[in-house]
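Note sheet for the following structure.
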Amino acid sequence: MFLGYKRPDGKAGIRNHVLILPVHRMVNSVAMQVEKMVRGTKISITTGEVGRSSKDRETIARTLLGLALNGNVAGVLVVGDNRYSCKELNHEEMAEIINSTGKPVELLDITESGGYYNAITSGARKAHKLVLEASYYRREPCELKDLTLGVKCGTSDPTSGVAGNPVVGKAFDLLVKAGGTAFFSETTEIIGAEDKLAKRCVNEKVQEKLLAAVSQIEAKAKATGEDIRNINPIPENIKAGITTLEEKSLGAITKSGSMPIRDVLKYGERPPGQGLYFIDGWMSSLSLPLGMAAAGANLFMYQLGGQGMPDLAPPMPAYSAGLITPMMYLTGNPRTCLKAEEFVDFCSGDIMEGKSSIEEMAEKLMESILKLASGTWTKTEIINLQDPVEFYLQDPCF
Amino acid sequence: MCKKEGLVLHEKDNVGTALNDLTAGSKIPVTKNQTITLTEDIPYGFKFSLHDIARGEAIIKYGEAIGQAKDSIKAGSLVHIHNTEGQRARGDL
């Protein structure tokens, strides 16, 4: 059980943000001014949509809408302008969809508000109202079935597949068995381990989707003409002792646990129900947290290896890249626990030392997750910094 | 439980993982019946071969192929990018 915010659509939140949501790149600056003026707001600065394919604009739209519908968001200020609207990115339609879920939403159209400075004033007033309304929320008891978690493994090292990722996998099993929802992703990093995952797909259709996602990304990798080791495993992985992509993948998939894979989702796509899902996405620390937040993750777990990181208080790979979804750092590497203690929220390094089992650590991890879900801040959430994020867009630009 | 120095993850594996910074000449117990003498230093987390591996033979970890030996690898040697190649997603082949 945890203490969360119950939203009108039945979703639960573990944070209580008002989201400032510019829908077109040209209105970002107005939205950024509003976000600076009003406490309690978070902004999703949108990426350039012009000169992009319809498929990529759909990905942007899906991601923006997903963020708005995340349970961690109490209310939304949608910012746009009719001059910039296109069929995929229509701010009025987006506001209507958000409104239909019962979530408080305000719409700010730049031209209709009387231009740049007037729009800022009008936007600040609307955001102010939304924040006041959000502050009426109180945390209430929620169950595990109301919780959605996402995971990524990063700066992986040989402890990742042995002591770090398997603990997350066991915690995912506990969550999914209790009716909750869990996401894992990083399509490149299941290459060489896809057969093991395919066996866990709920039906042939899902299995085909999973294998198709792998073939597509492998074909793209081959089309670069490069040895994949120039790209992935990344240099930190190789410095830490990971030799091939296949080895990295076999360690990486242990973070998914053992439950059936219900479906393969697109980047930013919301799942049709509860359970374990694979997201066809890019492993980037600046991209995946955003995509998982859009899919509905309340908490993003960053499972660090860290052996290849600098030895003295290294910076973390990302800070608050989930925007509205806090990032929790955890590691199975005892050496990483020590050097990155200021930012690591949970350490399962005792497994490497032979002092604890995966099962024991998974129970402790769940306790730690529930504290964070109930309002305790993650260590990087306290850092007043949000990395610039990257939407996962796959088509060429024109 | 006492801390082990080497870890073998699966019975099919032909490599073990160093659980400490191990030095050349150390005798590392890897299974009940097998001890490996290291021919070189193996840093924390890196892999060492459990027996002689022929050129072209699969390197097995987690019970699965993680790549292929580029050269013959003597038992107790470091197994890494200098003597092992991945097989998947290779655009250069």
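Please find, within the stretch A:199-233, the residue that is farthest from A:Gly251 (Cα to Cα) out of those that are of a type in the set (Gly, Ala, Ser) and under 23 Å from the mean Cα position of the chain (by Cα). Talk me through it step by step, then tell me what you get.
Just the residues of the stretch A:199-233 that are of a type in the set (Gly, Ala, Ser), to begin with: A:212-213, A:215, A:219, A:221, A:223, A:225.
Still in the running and under 23 Å from the mean Cα position of the chain (by Cα): A:212-213.
Numbers: A:Ala212: 21, A:Ala213: 19 Å.
Per the stated criteria, the residue is A:Ala212.
Report every pair of residues separated by at least 6 positions or lying on different chains whose Cβ atoms are under 7 Å apart, first residue within the stretch A:263-276 and touching a residue at least 24 places away in the same chain (Cβ under 8 Å), second buried (at least 20 other Cβ atoms within 10 Å of the Cβ) and among the aromatic types (Phe, Trp, Tyr).
Filtered contacts from the stretch A:263-276: A:Asp263/A:Tyr277; A:Val264/A:Phe278; A:Leu265/A:Tyr277; A:Tyr267/A:Tyr392; A:Pro271/A:Tyr277; A:Leu276/A:Phe172.
May I ask you to list the residues in the stretch A:34-64 that are under 14 Å from the mean Cα position of the chain (by Cα) and crowded, with 22+ Cβ neighbours inside 10 Å? Give the derivation first.
We begin by selecting, within the stretch A:34-64, every residue under 14 Å from the mean Cα position of the chain (by Cα); these are A:44, A:62-64.
Matches in the stretch A:34-64: A:Ser44, A:Thr63, A:Leu64.
Among the residues that make up the stretch A:139-157, is at least one of them assigned to a loop (DSSP other than H, G, I, E, B), closer than 28 Å to A:Val23 by Cβ, within 24 Å of the chain's Cα centre (by Cα) and among the aliphatic types (A, V, I, L, M)?
Kept after step one, since they are assigned to a loop (DSSP other than H, G, I, E, B), are these residues of the stretch A:139-157: A:139, A:143, A:147, A:155-157.
Pick out the ones that are also closer than 28 Å to A:Val23 by Cβ and you get none.
Checked against the condition, which is being assigned to a loop (DSSP other than H, G, I, E, B), closer than 28 Å to A:Val23 by Cβ, within 24 Å of the chain's Cα centre (by Cα) and among the aliphatic types (A, V, I, L, M), the stretch A:139-157 yields no hits at all.
Report yes if A:Ser356 is away from chain B (no Cβ under 14 Å), of a type in the set (Ser, Thr, Tyr) and open to solvent by less than 30 Å² (accessible area, probe 1.4 Å), otherwise no.
Numbers: away from chain B (no Cβ under 14 Å): no; of a type in the set (Ser, Thr, Tyr): yes; open to solvent by less than 30 Å² (accessible area, probe 1.4 Å): yes.
It is false that A:Ser356 is away from chain B (no Cβ under 14 Å), of a type in the set (Ser, Thr, Tyr) and open to solvent by less than 30 Å² (accessible area, probe 1.4 Å).
Specify the residue that is farthest from A:Pro334 (Cα to Cα); the eligible residues are those in the stretch A:236-245 that are surrounded by fewer than 24 Cβ atoms within 10 Å (Cβ to Cβ) and within 11 Å of chain B (Cβ to nearest Cβ). Break it down into steps so the answer makes sense when it comes.
At the first step, the residues of the stretch A:236-245 found to be surrounded by fewer than 24 Cβ atoms within 10 Å (Cβ to Cβ) are A:236, A:238-239.
Narrowing further to those that are within 11 Å of chain B (Cβ to nearest Cβ): A:238-239.
Details: A:Ile238: 19, A:Lys239: 17 Å.
Checked the stretch A:236-245; the qualifying residue farthest from A:Pro334 (Cα to Cα) is A:Ile238.
Looking for something within 19 Å of A:Gly296 (Cα to Cα) and either within 14 Å of chain B (Cβ to nearest Cβ) or outside any loop (DSSP other than H, G, I, E, B) (or both) - is there at least one such residue anywhere in the stretch A:331-346?
There is no residue in the stretch A:331-346 that is within 19 Å of A:Gly296 (Cα to Cα) and either within 14 Å of chain B (Cβ to nearest Cβ) or outside any loop (DSSP other than H, G, I, E, B) (or both).
Considering every residue within the stretch B:59-73, establish whether at least one is assigned to a loop (DSSP other than H, G, I, E, B), facing chain A (nearest Cβ under 9 Å), in contact with a helix residue (DSSP H, G or I) (Cβ under 7 Å, 6 or more places away or on another chain) and of a type in the set (Gly, Ala, Ser).
Looking for residues that are assigned to a loop (DSSP other than H, G, I, E, B), facing chain A (nearest Cβ under 9 Å), in contact with a helix residue (DSSP H, G or I) (Cβ under 7 Å, 6 or more places away or on another chain) and of a type in the set (Gly, Ala, Ser), one finds none in the stretch B:59-73, hence no.
Just one of (1) buried (at least 23 other Cβ atoms within 10 Å of the Cβ); (2) within 14 Å of chain B (Cβ to nearest Cβ); (3) part of a helix (DSSP H, G or I) trips up A:Gly192, so point out which.
Looking at each condition in turn, A:Gly192 falls short on (3).
Given the condition in contact (Cβ under 8 Å) with a residue 60 or more places away in the chain and touching a helix residue (DSSP H, G or I) at 6+ places or on another chain (Cβ under 7 Å), answer yes or no: does some residue in the stretch A:222-236 qualify?
Scanning the stretch A:222-236 turns up at least one residue that is in contact (Cβ under 8 Å) with a residue 60 or more places away in the chain and touching a helix residue (DSSP H, G or I) at 6+ places or on another chain (Cβ under 7 Å).
What's the total number of residues in the stretch A:253-298 that are open to solvent by 30 Å² or more (accessible area, probe 1.4 Å) and closer than 17 Å to A:Val206 by Cα? Spell out the reasoning first.
If we filter the stretch A:253-298 for residues that are open to solvent by 30 Å² or more (accessible area, probe 1.4 Å), which is where we start, we get A:254, A:258-260, A:262-263, A:266, A:269-272, A:274, A:280, A:282-283, A:286.
If we keep only those that are closer than 17 Å to A:Val206 by Cα too, we end up with A:258-260, A:262-263, A:266, A:269-272, A:274, A:280.
Final tally of qualifying residues: 12.
Can you name the residue in the stretch A:47-90 that is free of Cβ contacts under 8 Å to residues at least 60 places away in the same chain and of a type in the set (Val, Ile, Thr) and is also nearest to A:Ala12 (Cα to Cα) among such residues?
Ranking the qualifying residues of the stretch A:47-90, first place goes to A:Val76.
Given the structure, is A:Asp173 without any contact (Cβ under 8 Å) to a residue 24 or more places away in the chain and either farther than 28 Å from A:Gly10 by Cα or under 24 Å from the mean Cα position of the chain (by Cα) (or both)? Break it down into steps so the answer makes sense when it comes.
Details: without any contact (Cβ under 8 Å) to a residue 24 or more places away in the chain: no; either farther than 28 Å from A:Gly10 by Cα or under 24 Å from the mean Cα position of the chain (by Cα) (or both): yes.
Judged against the criteria, A:Asp173 is not a match.
Within the stretch B:40-51, is there a residue that is closer than 16 Å to B:Ala65 by Cα, of a type in the set (S, T, N, Q), facing chain A (nearest Cβ under 10 Å) and surrounded by 22 or more Cβ atoms within 10 Å (Cβ to Cβ)?
no
Sort out which residues of the stretch A:299-327 are in contact with a strand residue (DSSP E or B) (Cβ under 8 Å, 6 or more places away or on another chain), free of Cβ contacts under 8 Å to residues at least 60 places away in the same chain and surrounded by fewer than 24 Cβ atoms within 10 Å (Cβ to Cβ), and write them in order of number.
Selection gives nothing.
Spot the failing condition for A:Phe183; the list is (1) surrounded by fewer than 24 Cβ atoms within 10 Å (Cβ to Cβ); (2) under 20 Å from the mean Cα position of the chain (by Cα), and only one is missed.
(1)
Within 30 Å of A:Ser357 (Cα to Cα), surrounded by 20 or more Cβ atoms within 10 Å (Cβ to Cβ) and at pLDDT 95 or above: is that true of B:Lys61 in this structure?
Values: within 30 Å of A:Ser357 (Cα to Cα): yes; surrounded by 20 or more Cβ atoms within 10 Å (Cβ to Cβ): yes; at pLDDT 95 or above: yes.
Spelling it out, B:Lys61 is indeed within 30 Å of A:Ser357 (Cα to Cα), surrounded by 20 or more Cβ atoms within 10 Å (Cβ to Cβ) and at pLDDT 95 or above.
Could you grab me the full set of residues in the stretch A:201-226 that are open to solvent by less than 80 Å² (accessible area, probe 1.4 Å) and either part of a loop (DSSP other than H, G, I, E, B) or more than 14 Å from every other protein chain (Cβ to nearest Cβ) (or both)?
A:Cys201, A:Val202, A:Asn203, A:Val206, A:Gln207, A:Leu210, A:Ala212, A:Thr224, A:Gly225, A:Glu226
Out of the residues in the stretch B:74-93 that are facing chain A (nearest Cβ under 8 Å) and open to solvent by less than 10 Å² (accessible area, probe 1.4 Å), which is farthest from B:Ala24 (Cα to Cα)?
Only one residue fits best here, namely B:Ala89.
Can you name every one of the strands (runs of 3 or more DSSP E) wholly within the stretch A:9-125 that holds 1 or more residues which are over 28 Å from A:Leu149 (Cα atoms), in contact with an Asp or Glu (Cβ under 8 Å, 6 or more places away or on another chain) and among the hydroxyl-bearing types (Ser, Thr, Tyr)?
Values: elements: A:17-22, A:41-43, A:73-80, A:105-109.
Ranges flagged: none.
The values are calculated or read from the model by the stated rules, or taken from the named source; none is laboratory data. On a predicted model such as this, the values are computed, not experimentally measured, just so you know. Virtual Cβ from ideal backbone geometry, glycine too; neighbours counted across all protein chains shown. Keep in mind that these areas ignore ligands, DNA and RNA; they rest on the heavy atoms of the full protein, side chains included. Shrake-Rupley method; radii C 1.70, N 1.55, O 1.52, S 1.80 Å.
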